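Here, each number is a calculation from the coordinates, and none is a lab measurement. No experiment lies behind these values; they were computed from the predicted model shown. All Cβ positions, even for glycine, are placed from backbone atoms using ideal geometry, and neighbour counts span all protein chains on display.
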Amino acid sequence: MRMNNSQNPRINDSKIDKNCFFDIYSNIDKSEISQNTKIYKFTTIKNSIIQKNSSVGDHSKILNSYLDKSVHIGRYNHISGCQIGKHSYTGQNAIIMGIKIGNFCSISWGVTIGPGEHDFSRVTTHRFLYTDVDRLKPENEEWYNRFEKNIEIGHDVWIGANSTILRGVSIGTGSIIGANSLVNKNIPPYAIVGGNPAKIIKYRFSDENIQELIKIKWWNLPDRIIKLNFETFNSKITQDTIQKLKIIITQSPQNNKYTGL
């Protein structure tokens, strides 16, 4: 099927690498798209950098953001002002605003992270205090910043469907957020939490193993090394597994010909 001119991807003032795919009605503006990346239909990419082997699903918007390699954004996402680490992905209908996300994070459908806050200590919570849609702000007055509080998500975090993570919190590496949770406080590494507001249910591993995993930092390994040691990463956490991970970390940076355990 041939596309008519109105269906063609619109690419403006952007750097496009080789072997990229752009579906109908995609709109790329002032952005960098690296090799083997797929941008599907009705998407908008603006003022953003997307590294290689990534994808952006239908009807999604990526604004003022950096996506590391092999990041996959689901359909109907709104991603604004974000930095997303390698191999992290989102499900359908995620809204993520003004945050930093680590490597290997799994974000399910319907998740909201970092929504703007309404300051209820003021006379009104209405939007005319932070946007000019209603044209009520005099020129010499200033907006208040609904995104002032920082928010950061560690590595290897799993966020369940329809969860909301409010601004001003830190989500520790390896933690799991149960579906339909509201997170309004910091979550420690490798904690499993759930509820509204979210509370700690238990921890994934022993304190000793958690500390070892945090030191090992496997999520920073090159893809090649992870692939060579797939069996280890597919193992349950034991002292033997921890020792294997330590060996992988110790050997891999120094030996480019490393072939696994």
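A few comments on the model shown:
- Charge context of S175, other residues only, Cβ under 11 angstrom, K/R +1, D/E -1: 0
- Backbone HN-Hα couplings from phi across region 92-104 [Karplus 6.51/-1.76/1.60, Hz, Gly and Pro as x]: 5, 6, 8, 10, 9, 9, x, 9, 10, 10, x, 7, 6
- Fraction in percent of alpha-carbon pairs per bin - 5 Å, region 88-130: 6, 18, 21, 18, 11, 11, 11, 5, 0
- Debye intensity ratio I(q)/I(0), log10, region 76-199, q values 0.13, 0.18 Å⁻¹ (C-alpha model): -0.54, -0.90
- Region 61-123 versus region 4-42: alpha-carbon centroid distance in Å: 21
- Local electrostatic count at D17 - Lys and Arg +1, Asp and Glu -1, tallied over other residues with Cβ under 13 Å: +4
- In this rough spin-label picture, where each label sits 7 Å from Cα along the Cβ direction, the N150-I247 distance is 3.9 nm.
- Taking each of K52/K149; K202/K236; K18/K100 in turn, the alpha-carbon distance tops 23 angstrom for K52/K149; K18/K100.
- As a ratio to 2.2 N^0.38 Å, the alpha-carbon radius of gyration for region 206-253 is 1.06.
- Within region 63-162, the chymotrypsin sites (Phe, Trp or Tyr not before Pro) that combine a DSSP coil assignment with at most 13 other C-beta atoms in a 10 angstrom radius are F120, W143, Y144.
- Neighbour-count order for E148, E139, fewest beta carbons within 10 angstrom listed first: E139, E148
- Residues R10, R146 in ascending order of nearby Cβ atoms (within 10 Å, fewest first): R10, R146.
- By the helix-only formula, in which each DSSP H run with n ≥ 4 contributes -39500 (n - 2.57) and the sum is divided by residues, the chain has a 222 nm mean residue ellipticity of -3500 deg cm²/dmol.
- Values of log10 I(q)/I(0), in the order q = 0.14, 0.19, 0.28 Å⁻¹, for region 1-56 under a Debye, Cα-only, solvent-free model: -0.31, -0.57, -1.16
- Estimated Rh, the chain: Kirkwood, alpha-carbon pairs, angstrom: 20.3
- The ranking of L221, L63 by Cβ neighbour count inside 10 Å, starting from the fewest, reads L63, L221.
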